[in-house]
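**Student:** Sharing a structure, written as structure tokens. Questions coming.
The values are calculated or read from the model by the stated rules, or taken from the named source; none is laboratory data. What you see is a predicted model, and the numbers here were worked out from it, not measured in a lab. In this analysis, Cβ positions are derived from the backbone assuming ideal geometry, glycine residues included, and neighbour counts consider all displayed protein chains. These area figures cover heavy atoms from the full protein model, side chains too; ligands, DNA and RNA do not enter into them. Shrake-Rupley method; radii C 1.70, N 1.55, O 1.52, S 1.80 Å.
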Amino acid sequence: MRFKVVIVGAGPSGYFAAKAFQEAQSNDLSFAIDMIERLPTPWGLVRSGVAPDHPKIKTVSKVFEKIAKEPNFRLFANVELGKDVSLKDLRDEYDVVVLATGASKGRKLGIPGEELNNSLSAAEFVPWYNAHPDYVDVEVDISSDTAVVIGAGNVAIDVARILAIDPTELDPTDMAEHALIKLKQSNIRTVIICGRRGPEHATFTASELRNLPKINNIDVFIDSKQIEDAIKRIGEMDNVERDLKNNIEAMKTIAGHEKKGVSRKLEMKFLSTPLEIKGNGKVEAIVFQKNKVENGRVVATSETFSVKTGLVITAIGYDSSEFPGISIESGRLSNIAGHIEHNVYAVGWAKRGPTGVIGTNKSDSKDVVDLIIENLKDPKISEGITRMLKSGHKVIDQIAWEKINASEVITGEMAGKPRLKEVDWKRLINLGRS
Ligand code: NAP
């Protein structure tokens, strides 16, 4: 039996779902996979999320291109769910609908002053420096000497590193040209990452931490006392996971690391909850409440402190965008083990929320595909997506995407970069259709 599958969203979880369908094929079971994507370019967070100075992580795109080369796979980029095609049509025309639409809305702190100019979310700042066509015009003012990043996860590290790094280190990367030009004019020399809980609660990964002191022209600071206190508290815990041990070890090394004496500084502060962002139209300072850990719980003290800064970036997690008819629960599409309703499923951050690295999606998408296969009945007789799109709709298919890809890689090579990303939506479409 041959089933028609549509995957909405061409990011890692969508491609890994496609791969799981491809690998599940047998003599009596096959799938015709259509992947639709709102942007004119695929690869999701591998293109617009992964930091430009982390090129190794991006090599997973080779896996995506292999999946896309299989004869049962078709790409329909520049096709938006809810605008160009409706969820109802997809449900009716396909045997299976897989929503791999991620979580792109930055969560809010909900504190006074958050709406001031230059108080941004990583959900805007990261796609801005990664050449996402929707974020080219994000206004980032980097004229002050200090930036504050809220959150103690890997996105906070990415954001802080990009702000602190000597921008010439980013010349040989695929960072958006507009961002690189701006960062070269940056006055920021101190970047402070602030976590509301202790070092032992931070969700950084050890490899990201270990990388920081190795970066040229940055000194990284963590107060040794905060790490010693955390080690004492960890000593009182029953089960200490290896990841936590590695993290604390990496932070201890940073705290004791010999400093280079350079002007660019990256500092990590813990047990600090943001209370208010102050400023007159634009960010001028941020006020924190000091916390302490008591019996394993983080509690507020009466002490506050203020940091003068012209830029605050929150990296405190993401929520999924809504679709008519599908409710949101804790920031993700309401689902049970990936099943939303009828023949509609979710994978990736849309399913589980903004957790896990790119590779996490491999097993997670496969688990959902296994469940889908268990639930399959008889295949529908239908025409699929072609009937739904208006005539003349400018689809970017796999061949068109390969033209865009080749053009970016060639122009990048001439500039000594892996690629020079095109940021203009219309020019992207023209490149693909040339
Ligand atoms: P994350 O790891 O969940 O970190 C979010 C941080 O925000 C946590 O420290 C959290 O603190 C804090 N936070 C949440 N609400 C807050 C509030 N109201 N006030 C202050 N702090 C608040 O999420 P992420 O950094 O966005 O990363 C998302 C996923 O992508 C993670 O799985 C991450 O590992 C992955 N990622 C991986 C890489 C890489 O492998 N290189 C790079 C980027 C992202 P609490 O713990 O106290 O809630």
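**Student:** Is one or more of the residues making up the range 152-164 of a type outside the set (Phe, Trp, Tyr), touching a residue at least 40 places away in the same chain (Cβ under 8 Å), farther than 24 Å from Val46 by Cα and touching a Ser or Thr at 6+ places or on another chain (Cβ under 8 Å)?
**Tutor:** No, the range 152-164 contains no residue that is of a type outside the set (Phe, Trp, Tyr), touching a residue at least 40 places away in the same chain (Cβ under 8 Å), farther than 24 Å from Val46 by Cα and touching a Ser or Thr at 6+ places or on another chain (Cβ under 8 Å).
**Student:** Taking only the range 306-354 into account, find how many residues are within 15 Å of the ligand (Cβ to nearest atom) and part of a strand (DSSP E or B).
**Tutor:** Going through the range 306-354 one residue at a time, the tally reaches 7.
**Student:** Taking the condition at pLDDT 95 or above, under 30 Å from Thr411 (Cβ atoms), among the small types (Gly, Ala, Ser) and under 19 Å from the mean Cα position of the chain (by Cα), does Ala179 pass?
**Tutor:** yes
**Student:** Looking only at residues in the range 74-83 that are in a strand (DSSP E or B) and open to solvent by less than 30 Å² (accessible area, probe 1.4 Å), which one is farthest from Lys390 (Cα to Cα)?
**Tutor:** Leu75
**Student:** Filter the range 264-283 down to residues that are more than 16 Å from Pro213 (Cβ to Cβ) and more than 13 Å from the ligand (Cβ to nearest atom), then give me how many there are.
**Tutor:** Residues flagged as more than 16 Å from Pro213 (Cβ to Cβ) and more than 13 Å from the ligand (Cβ to nearest atom) within the range 264-283 amount to 6.
**Student:** Could you list, in sequence order, all residues of the range 181-193 that are outside any loop (DSSP other than H, G, I, E, B), touching a helix residue (DSSP H, G or I) at 6+ places or on another chain (Cβ under 6 Å) and more than 10 Å from the ligand (Cβ to nearest atom)?
**Tutor:** Correct list: Leu183, Val191.
**Student:** Please identify the pairs in which a residue from the range 182-197 that is of a type outside the set (D, E, K, R) has its Cβ atom under 6 Å from the Cβ atom of a residue that is near the ligand (Cβ under 9 Å from one of its atoms) and open to solvent by less than 40 Å² (accessible area, probe 1.4 Å), counting only partners at least 6 apart or on another chain.
**Tutor:** From the range 182-197, the pairs are Ile193/Ala156; Cys194/Ile150; Cys194/Ser272; Gly195/Ala152; Gly195/Ala202.
**Student:** Under 8 Å by Cβ, and 6 or more places apart or on different chains, what pairs join a residue from the range 355-368 that is free of Cβ contacts under 8 Å to residues at least 12 places away in the same chain and open to solvent by less than 70 Å² (accessible area, probe 1.4 Å) with one that is more than 9 Å from the ligand (Cβ to nearest atom) and in a helix (DSSP H, G or I)?
**Tutor:** Gly356/Asp364
**Student:** Still on this model: Consider Lys83 carefully, then state whether it is of a type in the set (Lys, Arg) and under 27 Å from Ala17 (Cα atoms).
**Tutor:** Answer is yes for this residue.
**Student:** Tally up the residues in the range 312-330 that are hydroxyl-bearing (Ser, Thr, Tyr) and under 21 Å from Lys282 (Cα atoms), please.
**Tutor:** Qualifying residue count, the range 312-330: 1.
**Student:** What is the one condition in (1) within 11 Å of the ligand (Cβ to nearest atom); (2) of a type in the set (Val, Ile, Thr); (3) within 21 Å of Val191 (Cβ to Cβ) that Val298 does not satisfy?
**Tutor:** Going through (1) within 11 Å of the ligand (Cβ to nearest atom); (2) of a type in the set (Val, Ile, Thr); (3) within 21 Å of Val191 (Cβ to Cβ) one by one, Val298 breaks only (3).
**Student:** Please specify each residue of the range 194-228 satisfying the condition of being within 16 Å of the ligand (Cβ to nearest atom), open to solvent by less than 80 Å² (accessible area, probe 1.4 Å), outside any helix (DSSP H, G or I) and closer than 18 Å to Glu249 by Cβ.
**Tutor:** Listed by number, the residues that qualify are Gly195, Gly198, Ala202, Phe204, Thr205, Ile222.
**Student:** Could you go through the range 297-319 and let me know if any residue there is at pLDDT below 95 and either out of contact with any Cys (no Cβ under 9 Å at 6 or more places or on another chain) or open to solvent by less than 40 Å² (accessible area, probe 1.4 Å) (or both).
**Tutor:** Yes: one or more hits.
**Student:** Turning to a different aspect of this structure: Within the range 253-293, can you find the residues that are of a type in the set (A, V, I, L, M) and either assigned to a helix (DSSP H, G or I) or buried (at least 19 other Cβ atoms within 10 Å of the Cβ) (or both)?
**Tutor:** Those that are of a type in the set (A, V, I, L, M) and either assigned to a helix (DSSP H, G or I) or buried (at least 19 other Cβ atoms within 10 Å of the Cβ) (or both): Ile254, Ala255, Leu266, Met268, Leu271, Ile277, Val283, Ile286.
**Student:** Check the range 110-129 and report whether any residue there is open to solvent by 40 Å² or more (accessible area, probe 1.4 Å) and under 19 Å from the mean Cα position of the chain (by Cα).
**Tutor:** Yes, the range 110-129 contains at least one residue that is open to solvent by 40 Å² or more (accessible area, probe 1.4 Å) and under 19 Å from the mean Cα position of the chain (by Cα).
**Student:** Filter the helices (runs of 4 or more DSSP H) completely within the range 1-63 down to those with at least 2 residues that are β-branched (Val, Ile, Thr) and under 14 Å from Gly359 (Cβ atoms).
**Tutor:** Hits in the range 1-63: none.
**Student:** Only residues that are open to solvent by less than 70 Å² (accessible area, probe 1.4 Å) and not in a loop (DSSP other than H, G, I, E, B): list them for the range 232-252, please.
**Tutor:** Residues satisfying the conditions are Arg233, Ile234, Gly235, Leu244, Asn246, Asn247, Ile248, Ala250, Met251.
**Student:** What is the residue count in the range 152-167 for residues that are surrounded by fewer than 23 Cβ atoms within 10 Å (Cβ to Cβ) and of a type in the set (Gly, Ala, Ser)?
**Tutor:** 1
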